[in-house]
Number of protein chains: 2
Amino acid sequence: MKQIVPNWLKKRAELTPNRIAVMFEGNEYTFKQVFESAARVAAQLTGIGLKKGSSAAVLISNHVDSVMILYALQMLGVRAVILNNRLTSKELLWQLEDSNAEVLLYENAFMEKVTKIKNTYQHVVLEKEELFKGNSANADLQEEYDLDDVTTIMYTSGTTGNPKGVLQTFGNHWWSATASALNLGLTDGERWLCAVPIFHISGYSILMRSLIYGMTVILHHSFKEREAIEEIISNRVTMMSVVSTMLMKMNDILEVGQMPETFRGMLLGGGPAPLSLLEDCKRKSIPVYQSYGMTETASQFATLAPEYGIEKLGSAGKALFPNQIKIIDEGGNELTNGSEGEILVKGPNVTPGYLNREQETNNTMNNGWFHTGDIGYLDKDGFLYVLDRRSDLIISGGENIYPAEIESVLLSHEDVVDAGIVGMEHPNWGQVPAAFVVKKKVATISENDLENYCRERLAKYKVPKSIRFVEELPRNAAKKLLRKELREWLKRELT
Amino acid sequence: MKQIVPNWLKKRAELTPNRIAVMFEGNEYTFKQVFESAARVAAQLTGIGLKKGSSAAVLISNHVDSVMILYALQMLGVRAVILNNRLTSKELLWQLEDSNAEVLLYENAFMEKVTKIKNTYQHVVLEKEELFKGNSANADLQEEYDLDDVTTIMYTSGTTGNPKGVLQTFGNHWWSATASALNLGLTDGERWLCAVPIFHISGYSILMRSLIYGMTVILHHSFKEREAIEEIISNRVTMMSVVSTMLMKMNDILEVGQMPETFRGMLLGGGPAPLSLLEDCKRKSIPVYQSYGMTETASQFATLAPEYGIEKLGSAGKALFPNQIKIIDEGGNELTNGSEGEILVKGPNVTPGYLNREQETNNTMNNGWFHTGDIGYLDKDGFLYVLDRRSDLIISGGENIYPAEIESVLLSHEDVVDAGIVGMEHPNWGQVPAAFVVKKKVATISENDLENYCRERLAKYKVPKSIRFVEELPRNAAKKLLRKELREWLKRELT
């Protein structure tokens, strides 16, 4: 049966008009104000010809204006193709053409990138301020949303091949938000600090929770550890979404007991976190909910429940209430004995598929089960441990090596700031692990010291066969390590 | 798109095995224990031939065994026809035959009623203890639930005509539970006191919330005001479902400041409550969430949000987040000016229809909008005020008279314990209001006194033209006033 619900922002503005919806750079906006602003933007978007069924690409940063644009598109029933603003012009053009978005809306900050593609791209290209100054037309705000309709499209970073546009329905966002609330609870005066990009599912899902829960989003233009801590302490933040590099930076300057009681937790996503970091957070009473999710599951899919935070440290917990996880071997058989294999997920927050990619959709979907391409296992109590991306797996003399495990050891060294592991071809073993390491500016540690450090903590075949010190590691906007890029670096060095 | 979710009780037992699921008569049962017990009962139910697609009627009271039976039926995919245990044998037989339930499971306490129908009813009739002692078979516990599948059938009391079996899907219960959480919040250690019948949607919906939220149900065999208050005070109850007569009895003996801080609120349903009661609760700091809902909406549909408890006293609030309400006139036109009319509701918690009653289903459903038959209006801020059942409306000389309004005035008199108003035929006015009143045992008030009391507070045409003192008023298991019964009383007296 069709699931029809009222327009989220409009309904929210009716239910709790005076609650604060968004805080940004010292200003507060109630749900009523946000609805009215977004409705004005919707009229301007209608003025440039957008309507239900259209699709519009947006190239934006974390800003209250971006929130209004995203909400306006949603209320009009326009599919928002939400672009990653760190992409190159070439990458942007590829996604614009792939999605066939009718309009590209962009912020002035990205003018340079847009200028390069303006002539090639065949559709309307419009700067935000031009939109806001332009003509309005009578907007057809959708009274109801059909949960099966697509509302956003986000391209996956894709460790191999071209990125694919992930279709996200209203239902995907709805189920993601409610599943999260059933796990984390929902208290009066909830305030979620959003310092992750809103063009990424980690940030966009906070906006959707805001509408569905009636919760305040405190939006930061970009992540700065000191500002984030200051915000949490002085503005009664209850939750914050982080990836491990963000948490690491905050942890570095946070003191024991500094987190206020009102702060309920860090929702940690974006890949496995080093155990040493999680232990450190525990020691400092920084509550961390390790989670597992992706663009294709509209954010969190599994989260470690509060009562298991200590006992199962390092696990991403269990699949949220409406969700299911299973592990399969290479032959597609379900593994129920705790063995490692590919992680498959099923639930109403899983994407219906990829835009215009029937083949890829069919390849990754099997009777409702989505093949994540990630490697992990379920322990005897059913807790998920994510080992790595399958495409990042290093196979050395028949042994599986998970880069994240070695990175975790390197990161536990006091002189190491960041670390990345990729496979390097080897005549005897097929592949061996190679390390890229960012060390502290004042550190005097040598490659040899680090090798010895690893040797004491890892099986011999897992010890990196080469260690390279670098200034910085390639990470995407969600701070995810780009191992594909590291492999390129390695190739260039070796040839 | 189909919405598929994992088996609720099984999933809940996996997620939070050690949380307390049910407290009953001094015993505690964790989710793991409840799952194991329900799985055993499922095996016994399989032993008597029940399987996915079957339907089984249950005649039970509030007891932990009943919870196990209901959960077992749900896990097997058997439709539970949940009978009202206050019905007469004749009424029960009618529902059994209408639903064509394959089995009637009953508790020993209802032996007498069952004995009377045993010979007429053509299917298996089995006492609870016999079931529990019987043979088990390999139970096919459903791994997944399709939200479109029907899991329960409850007959509506039906103020006119024969009762109809309301189909309730997994989705109806799911959306009801999540919509409620989005409004009331969801805190750690939630404990809901259930002293309303679990055969009624008010009680059954607490069980569903328990599974979906991972929340403790404190189950009382029946409502006793002193025991309820004692439970709230000593056992950290956070929420309790009540109808106004229950709340009145508790209010009568509760002192100011007696409710502990941990108690979040009374969810008040089952029809309009007298304003005087709500004001009294406010004075005693008993938090009350007035709500509007019915069997056809799988419990609450609208609830007064915390922030409006005072300003909109007497309102049932706004439709919950996924829900919509509109008011129509006799001609079916939407009324947007605050006028009174029939209340129509739409949302994913609304029943797909009545069992085997295509005609009635079509009559009450219109493009997703369900005609409640209730009369009410939306004020200028969109708050719902429920006036009365349309079938209870008294039309007197062209004026609409809502029984609930007059009852509310009568109940505000200190000597009145209960009051019911129905229409009485009248040669000049068509109808006039007639009152049935239960007065305090020690009270010396006369019919005349009460008439004068009403005259000071109501328009002349609303003042009851006859007042009868009675011992008790007819109320159903949900404590709803049975005005149909009162009309019978009146008819008998007048002929």
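Throughout, read-outs are computed from the coordinates displayed, never taken from laboratory work. This one's a predicted model, so the numbers in the text were calculated from it and none came from an experiment. All Cβ positions, even for glycine, are placed from backbone atoms using ideal geometry, and neighbour counts span all protein chains on display.
Computed about its Cα centre, the charge dipole of chain A is approximately 400 debye, with only Lys, Arg, Asp and Glu carrying charge at their Cβ. A simple rule links phi to the HN-Hα coupling: the Karplus curve 6.51 cos²θ - 1.76 cosθ + 1.60 with θ = phi - 60°, which for region B:218-226 gives 9, 9, 9, 4, 8, 7, 9, 4, 5 Hz, with x for Gly and Pro. Taken one residue at a time, the phi angles of region A:380-390 give Karplus couplings (6.51, -1.76, 1.60, θ = phi - 60°) of 4, 8, x, 7, 7, 10, 8, 8, 5, 6, 4 Hz. Gly and Pro are set to x. With a threshold of 29 Å on the Cα-Cα distance, the over-threshold entries among B:Lys249/B:Lys460; B:Lys224/B:Lys465; B:Lys113/B:Lys440; A:Lys460/A:Lys480; B:Lys282/B:Lys440; B:Lys2/B:Lys346 are B:Lys249/B:Lys460; B:Lys224/B:Lys465; B:Lys113/B:Lys440.
Derived scalar couplings between HN and Hα for region B:487-495 equal 5, 5, 3, 4, 4, 4, 5, 7, 9 Hz in order, rounded to whole Hz, by the Karplus curve 6.51 cos²θ - 1.76 cosθ + 1.60 (θ = phi - 60°), x for Gly and Pro.
The trypsin sites (Lys or Arg not before Pro) of region A:406-459 meeting both criteria, a DSSP state outside H, G, I, E and B (loop) and at most 15 other C-beta atoms within 10 angstrom of the site's C-beta, are A:Lys440, A:Lys441. Taken about its Cα centre, the protein assembly as shown carries a charge dipole of about 160 debye when Lys and Arg each add +1 at the Cβ and Asp and Glu each add -1 at the Cβ.
Report the equivalent ellipsoid semi-axes for region B:393-494 in whole Å, largest first, defined as the square roots of five times the eigenvalues of the gyration tensor built from alpha carbon atoms.
Equivalent ellipsoid semi-axes, largest first: 20, 17, 12 Å.
Peptide A:318-324 is shielded by partner chain Cβ atoms: per residue, an average of 6 of them sit within 10 Å of its Cβ.
Among A:Cys194, A:Cys281, the order by Cβ neighbours within 10 angstrom, fewest to most, reads A:Cys281, A:Cys194. All Cα-Cα distances of the protein assembly as shown, cut into 20 Å bins from zero to the largest, leave 12, 41, 32, 12, 2, 0 percent in each bin in turn.
Debye-formula intensities of region B:227-312, expressed as log10 I(q)/I(0) at q = 0.15 Å⁻¹, are -0.52 (one equal scatterer per alpha-carbon, no solvent). For region A:340-440, the list of chymotrypsin sites (Phe, Trp or Tyr not before Pro) that fall in a loop by DSSP and count at most 10 other C-beta atoms within 10 angstrom is empty. Taking a sphere under 11 Å around the Cβ of B:Gly270 and counting the other residues whose Cβ falls inside, with K and R at +1 and D and E at -1, yields a net charge of +3. Taking every residue in B:3-16 and counting other chain Cβ atoms within 10 Å of its Cβ, the average works out to 5.
The amide H of B:Ile218, built 1.01 Å from its N in the peptide plane, has B:Met23, B:Trp192, B:Leu193, B:Cys194 as neighbours under 5 Å, considering only residues 5 or more places off or on other chains.
Between the residues B:Thr238, B:Gly171, B:Asn85, the greatest Cα displacement towards the positive end of the dipole of the protein assembly as shown, with unit charges on the Cβ of Lys, Arg, Asp and Glu, is found for B:Gly171. Amide H contacts of A:Val288 (H built 1.01 Å from N, in plane; Pro and chain starts excluded): A:Met266 sit under 5 Å, all sequence-distant by 5 or more or on other chains. The separation of region A:54-99 from region A:207-264, counted between C-alpha centres, amounts to 25 Å.
Counting Cβ atoms of other protein chains within 10 Å of each residue's Cβ and taking the mean over peptide A:177-188 gives 5. Calculate log10 I(q)/I(0) of region B:129-184 for q = 0.18, 0.20, 0.26, 0.30 Å⁻¹, where I(q) comes from the Debye formula with a single equal point scatterer on each Cα and nothing for solvent. Log10 I(q)/I(0), no solvent term: -0.88, -0.91, -0.98, -1.08.
Given Cβ point charges of +1 (Lys, Arg) and -1 (Asp, Glu) and nothing else, what value in debye, to the nearest 20, does the dipole of region B:1-145 about its Cα centre take?
I would put it at about 240 debye.
Rounded to the nearest whole angstrom, the semi-axes of the ellipsoid equivalent to region B:172-390, taken from the Cα gyration tensor as √(5λ), stand at 29, 20, 15, largest first. Per-residue Cβ neighbour counts within 10 Å put A:Lys224, A:Lys346, A:Lys249 in the sequence A:Lys224, A:Lys249, A:Lys346, beginning with the fewest. Checking every one of the trypsin sites (Lys or Arg not before Pro) in region A:358-402 against DSSP loop status and a limit of 16 other Cβ atoms within 10 Å picks out A:Lys380. The amide H of B:Thr169, built 1.01 Å from its N in the peptide plane, has B:Thr151 as neighbours under 5 Å, considering only residues 5 or more places off or on other chains. Using a simple spin-label model with pseudo-atoms 7 Å out from Cα toward Cβ, A:Asp449 and A:Arg487 lie 3.3 nm apart. Note on chain B: dipole from Cβ charges, positive end direction compared against B:Phe263, B:Val437, B:Ile406; the farthest Cα belongs to B:Phe263. Think of the protein assembly as shown as having a plus end and a minus end, set by charges on the Cβ of Lys, Arg, Asp and Glu; of A:Ala319, B:Tyr145, A:Asn366, A:Asn366 sits farthest toward the positive end of this dipole.
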